[in-house]
Structures are given as structure tokens and as C-alpha cells.
1. Considering (1) farther than 28 Å from Gly220 by Cβ; (2) surrounded by fewer than 22 Cβ atoms within 10 Å (Cβ to Cβ), say which one Lys180 fails and leave the rest.
2. Any residue in segment 308-327 that is under 30 Å from Arg13 (Cα atoms), surrounded by fewer than 21 Cβ atoms within 10 Å (Cβ to Cβ), hydrophobic (A, V, I, L, M, F, W, C) and out of contact with any Phe, Trp or Tyr (no Cβ under 8 Å at 6 or more places or on another chain)?
3. Go through segment 76-90 and give me each residue that's in contact (Cβ under 8 Å) with a residue 24 or more places away in the chain and aliphatic (A, V, I, L, M).
4. Is it the case that Ser347 is over 27 Å from Gln307 (Cβ atoms), modelled with pLDDT under 95 and among the polar types (S, T, N, Q)?
5. Out of Leu103, Leu110, Leu126, I need the residue that is in contact with a Ser or Thr (Cβ under 9 Å, 6 or more places away or on another chain) and crowded, with 20+ Cβ neighbours inside 10 Å. Which one?
6. If you take just the helices (runs of 4 or more DSSP H) that sit entirely in segment 266-365, which of them hold at least 3 residues that are more than 26 Å from Glu97 (Cα to Cα) and either touching a residue at least 24 places away in the same chain (Cβ under 8 Å) or touching a Gly at 6+ places or on another chain (Cβ under 6 Å) (or both)?
7. Only one of these conditions is not met by Val366: (1) closer than 16 Å to Cys52 by Cβ; (2) at pLDDT 90 or above; (3) open to solvent by less than 50 Å² (accessible area, probe 1.4 Å). Which number is it?
8. Mind listing whichever residues of segment 218-242 are more than 19 Å from the chain's Cα centre (by Cα) and on the phi > 0 side of the Ramachandran plot?
Amino acid sequence: MNYDAALDSAIARLHDEGRYRTFIDIERDKGRFPQAVWNRPDGQKQEITVWCGNDYLGMGQHPAVLSAMHEALDATGAGSGGTRNISGTTVYHKRLEAELADLHHKEAALVFSSAYIANDATLSTLPKLFPGLIIYSDALNHASMIEGIKRNGGAKRIFRHNDLDHLRELLEADDPAAPKLIAFESIYSMDGDFGPIEAICDIAEEFGALTYLDEVHAVGMYGPRGGGVSERDRLTGRIDIINGTLGKAFGVFGGYIAASAKMCDAVRSYAPGFIFTTSLPPAVAAGAAASIAFLKTPEGQKLRDAQQLHARILKMRLKSLGMPIIDHGSHIVPVHVGHPVHCKALSDMLLRDFGIYVQPINFPTVPRGTERLRFTPSPVHDPKQIDHLVRAMDNLWSQCALNRAELSA
């Protein structure tokens, strides 16, 4: 086989479909986020504003986080030096897991190297703990959940997105005595819509199923202490396992689950994705713990309120221009484009001509024909930056004749 030719063909297909992904080389400048510098391919540097980051609240720049990380780095050095089982557990890891357990009102928490690994490792391990387990998964669950469910070797059922009747139909068709788990999300990040948490908990209770809730795009962002949509809706106690990230609203790195002490102990003891992975650097764990602690306070609520306000303003202004906004009331602002080439062209022009950085979202992240630009306003985007973005979108949308009717044709 000509391996080079096969690689050339695979990459060429992405270019032909208009969905080849380009890394934008940026330099973040401490204290100036969302401002950054783009290192252009021509060697020039250009001032830009980041509009697609997942550091939703700007906590990656927060003094409390940076101070905690500096302190831990000076005290312990760079890496953890091993897996959690072999020399890689420190006071910083224990403190972080205690903060997370408290955040979600659970007995325990378990930290992984990412939320992707936390989902994959946990969902692929659960059938070892509950032989015969059937997992019922929302059709729009994140790739990490899908991968974990695929790899676990157990039975799975896919219910149509947020379709409670379909979920019930699938549950009714299975053996009542079989162990069951319903896996879903609180906020689906590409459309920004919410999962029906309370209704799913009711169904889970009726059928004796466990509940597994991915709160990755909600932790830090919702609830009086940042515990997510389940905390906001006072449903945390009805969720058996909560998955979250430390790399979005908390502004650092890593992922976790929060659950009962027995559940965390069992996953810790059986999941290869936990057992054989080097633990987070102590400085990262320290920064994450500081971020979580801060966002539990009234000052953290001010950041959440400011972020929600900026999201509402941006949606309102883009809607007033006739933009096809997908608005389900969350903090995410997706603008439907519907074509990968158009989506990439808009992204490129926003960056080059206006200094606005927003990545195109194409297949397989979203289905073909639903390509979009996904804006993530934060508390540290100011009114002038919002105005600049709105004017740029108005200019380009008209210039390129990218109206809703044309794109849906």
C-alpha cells in the first residue's frame, strides 16, 4: 500500500468538502483576555478578540487562580510524577476533589485528565460494575459519551434528542430486572439547548435507572454556587453521577465525576482511563480548586450575571439584523450558516478583516447542513467589542448575500 498517497487522499477529502480544520496560532496576554495576538501565516502579528473560547468567565486570567498556581508550582515543582496510585496524589488533588464534591453536594469526586476521559473511562467501566447494564443515551450526546458507551461492551439504546416518549418506549421494551442508566447532558453546546433533567429523573425513578448527567458546559455557569443546571433547578440530589470539566468556566484543565463515595471508589478501582494515567500537575489542581472556590461566592455570581447579560445583548442585536440565531436561552450564541465553505469563509474574513476570532463549526461536530459560527460572550467582553462584532457580522452577511433562505435551499 502507498501509505503517503492514502494520507494525501484523506486530507484532500477534507479540503474538497470545505471542512479542513486550521489551527489559529494565538498569543494570550495575561490580564488582557479576550484580547490576543494572532501570529499570521505571513509572519505578521495582528491584534484580535477571541470570541470562541470556552473560558466562559475569564477565570483563566483571574488573580485568585494564578496566585494559587504560582504558590503550588513554587512549593511542589512542575509535574505530579506519577499516576494517582503511584506517587501522583498530593494535598492539591485531595483539596480539588473535596471542592468538587462540595460543589455538587456529593460524597466524593474523582479527577481525570479531561472531561472527555472522565466520560469515556466512566461509561466504559460501568458495565463491569453492573453486569447486564443497559445504557440509554441521548442522540446528541458528546463524542466522549458515545465513545465510552461504544467501548463498554454492554447493551445500549439511543433515544431521539430530548424525546421523553421515545426514551420511555425504549425502557418499556427492556427487561424490568436489567440494570439501567440514562446518560444525557444539561446543555448541548452546539445548539445551546437544555436537557429535561427533572423529567428524565422522574422516568429514571419509575424504571429503577441510574442517571448520568454531563454538565460540562454548565458547571461554573449556572446555579447559586456554579454547580450547573442541576443545582439551579434543585435537582442535584436526583443525579447519580455528574460529569464536569475544569477547562471551560473554571478556566484551567482537567475533568471529573462527582457521585457517591462507593461509586467513585469503584470507578477509581476499575477504570483503566483513571488507573493508568498520570495525574494532573499539582499547580493545575491548585488553580482549579481556587477557581471553584471563588465561583461559589457572591463575586462568582456577579461574573455569571454579567456573562448572561452579554449573551442576551449579543443575541438580541444579531436577531435584530435578521441573523439566524439558535436561541434556547443558554449562554451559547450559535449563528446558523448551513454550508462548510461559507462558514469557513465567514470565519476567515472576520479574523483577517475585523480581528474577530471565531472558529467555524463543521461536520462531524455538527450534522452536515447545520454548519455554524458559535460565539461565546464572556463577562470580560466589553460593549465596544460586542458592537464591533455586530457591525462586522452585518457587513459580511450582507456582502456575501448569506441570508437564511439561500442557505437553507
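1. With (1) farther than 28 Å from Gly220 by Cβ; (2) surrounded by fewer than 22 Cβ atoms within 10 Å (Cβ to Cβ) applied to Lys180, the lone miss is (2).
2. yes
3. Listed by number, the list holds a single entry, Ala78.
4. Details: over 27 Å from Gln307 (Cβ atoms): no; modelled with pLDDT under 95: yes; among the polar types (S, T, N, Q): yes.
No.
5. Leu110
6. Helices (runs of 4 or more DSSP H) meeting the threshold: 298-320, 340-354.
7. Answer for Val366: the failing condition is (2).
8. Arg234
The values are calculated or read from the model by the stated rules, or taken from the named source; none is laboratory data. All of these numbers come straight from a predicted model, not from anything done at the bench. Reconstructed Cβ throughout: ideal geometry from the backbone, glycine too, with neighbour counts over all protein chains shown. What goes into the accessible areas is simple: the full protein's heavy atoms, side chains included, and nothing from ligands, DNA or RNA. Shrake-Rupley method; radii C 1.70, N 1.55, O 1.52, S 1.80 Å.
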